[in-house]
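Encoded as structure tokens, the structure appears first; notes follow it.
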Amino acid sequence: MSDTQRTLTPWRRLSYALGHFLNDLCASMWFTYLLVYYHSVLGFENNYAGGLLLVGQIADGVCTPFIGFESDRTPGIGNYGKRKTWHLVGTLSVVLSFAFVFNQCLACTSLTPQWASFIYFVPFIVVFQFGWAATQISHLSLIPELVTCEHAKVELTAYRYAFTVIANITVYAVAYLLFHLQARQDDDPLNDALGPVDIPLFRNLALIVLGIGCLFSLFFHLGTLERSSGVGRRERLKDEEEEEEEEKKVESSLPSCSKQSSSLLLWKCWLKQPSFYQVALLYMSTRLIVNLSQTYISMYLINTLGLQKNFIAIIPLVMYLSGFLSSFIMKPLSKLIGKCLTYFVGLLLILAFSYWVLIDQKMGQGIYAAAVLLGVGSATILVISLAMTADLIADQTQSGAFVYGAMSFTDKMANGVAVMIIQALNPCRTVGCCPDCVWYYHYVMVVVTGGVAVVAATALCTILIWPIRIRRYQADPDFSPNGANSQPPVSPSVPGIQSDTDILSH
């Protein structure tokens, strides 16, 4: 039913790549500035600030599989296409909610209790995370519908990741300019500390992000033509019915996991695979390092190092640029020493950063070099962990969405719970920096990088001992010798790294 070797013109490829730009902009603000905004700017207590981030992570984790299921089975609006329809719904949800996330409570006063302000922000965060998930899933799902050849799919992914980099640079550059303009307008040195005076700054940053993102989303919807938009609803329904009948035939002929061929492994059978849990632990540890370091680097810079507030834009920019530049050497390095050793090199850089933070409480200009270590190490372990996930899936593409969804759900829940624990253990409950904050965020950065890196190293060791592969057991009474053999599937080696790097932005 599909055309042979569908490809896109350069303009169509560009318009597709623009479709996730709004999500990338908002994700950069969410992970880098949410905690510092609610705690240091709005004055929320630690538990309430961490609770809002936890609500967002839970909402994202719950919405992702639901939206994925619904977007597969529901038709689009008229002939607009179901993927673009969900993308439009997600974009509108983000636009209508994100400006309220980075703004003060409109109906609150100085006498309003914080629990009431917390309740005020929860619906906006839930709607934002729903919209973010809808946009992400629909945008990724468009790739196999727009093109068929593998080279074209990788090319679209590369375009997408390039704009992810541009989005992160844009957020940090605009934030730096806003801090710089604020400093020029006010010569009071006391304003080097974050506080309520910075509410307009973050509100303006959110509005600029939404304005730029909406423009790019408009280009996406005008320039991208979903293939199903040219097919009548009757034909689409017929295709879906035929696919469902074919799936039922396949499942009815495969009564158990161990009877399937290597290309027809059902989603529930992954739960019996030891490698599934090995990769899940590695991926979860990787995401904890990357996301928690991005979340708490601002608190560390302001409260522990006592740097000016514009450094919460400068240092993340240094981290991201260094990580992006290092991605160019990952392919030859992983070819030379393999994925596991490349991941270990990334862990060594993370551990070097953690040790530097531990022994040097002042840092000074060394913070730039430390940021490079953290940026390069984080990019390395994240890209390689995604490549290992691709190795696990191999040719099991029919259930690959379940694997990625399970990994994503695990990492979102782990990050939300970890942030909540860190916020709950903070000895300084109120806004502002106290002596306890200085040492607390110092050790938070050590633990979320070096401590979690030890867990990741443990997961890596299990993979070295028991390599990633699909295992079948003859002890199973339903085992069929004509099914898949016990040989490990051929993994997509290093080229898989490039095709998965777009997930760096989430």
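A few notes on this one:
- Contact annotation: residue pairs with Cβ atoms under 9 Å, 6 or more positions apart or on different chains, pairing a residue in the stretch 7-18 that is of a type in the set (Val, Ile, Thr) with a partner that is part of a loop (DSSP other than H, G, I, E, B), are Thr7/Val147; Thr7/Thr148; Thr7/Cys149.
- Test: residue in the stretch 89-98 that is crowded, with 18+ Cβ neighbours inside 10 Å, more than 20 Å from Ile199 (Cβ to Cβ) and not β-branched (Val, Ile, Thr): yes
- Test for Ala379: is it over 19 Å from Tyr443 (Cβ atoms), at pLDDT below 80, in contact with a Gly (Cβ under 7 Å, 6 or more places away or on another chain) and in a helix (DSSP H, G or I): no
- Only one entry in Leu347, Leu341, Leu282, Leu292 is open to solvent by 10 Å² or more (accessible area, probe 1.4 Å) and among the hydrophobic types (A, V, I, L, M, F, W, C), namely Leu341.
- The C-beta contact set for the stretch 286-301 (first residue closer than 12 Å to Ala414 by Cα and aliphatic (A, V, I, L, M), second residue part of a helix (DSSP H, G or I) and open to solvent by 10 Å² or more (accessible area, probe 1.4 Å), distance under 7 angstrom, 6+ apart or interchain) comprises Leu288/Ala414; Leu288/Ala418; Leu288/Val452; Ile289/Ser378; Ile289/Val452; Leu292/Ala418.
- Test for Phe276: is it part of a helix (DSSP H, G or I), open to solvent by 50 Å² or more (accessible area, probe 1.4 Å) and not small (Gly, Ala, Ser): no
- Residue in the stretch 316-325 that is aliphatic (A, V, I, L, M), surrounded by 23 or more Cβ atoms within 10 Å (Cβ to Cβ), in a helix (DSSP H, G or I) and at pLDDT 80 or above present: yes
- Filter result for Arg73 (touching a Lys or Arg at 6+ places or on another chain (Cβ under 8 Å), modelled with pLDDT under 80 and basic (Lys, Arg)): no
- Here Asn79 meets the list (1) part of a helix (DSSP H, G or I); (2) in contact (Cβ under 8 Å) with a residue 12 or more places away in the chain almost entirely, failing just condition (1).
- Matching residues in the stretch 16-64 - criterion: being of a type in the set (S, T, N, Q) and under 19 Å from the mean Cα position of the chain (by Cα): Asn23, Ser28, Thr32, Gln57, Thr64
- Test result for Asp239, modelled with pLDDT under 75 and either closer than 27 Å to Ser298 by Cβ or of a type in the set (Gly, Ala, Ser) (or both): no
The values are calculated or read from the model by the stated rules, or taken from the named source; none is laboratory data. Since we're looking at a predicted model, the values are computed, not measured. Methodologically, a virtual Cβ is constructed for each residue, glycine included, from the backbone with ideal geometry; neighbour enumeration extends over all protein chains shown. Heads up: the accessible areas ignore ligands, DNA and RNA and are worked out on the full protein's heavy atoms, side chains in. Shrake-Rupley method; radii C 1.70, N 1.55, O 1.52, S 1.80 Å.
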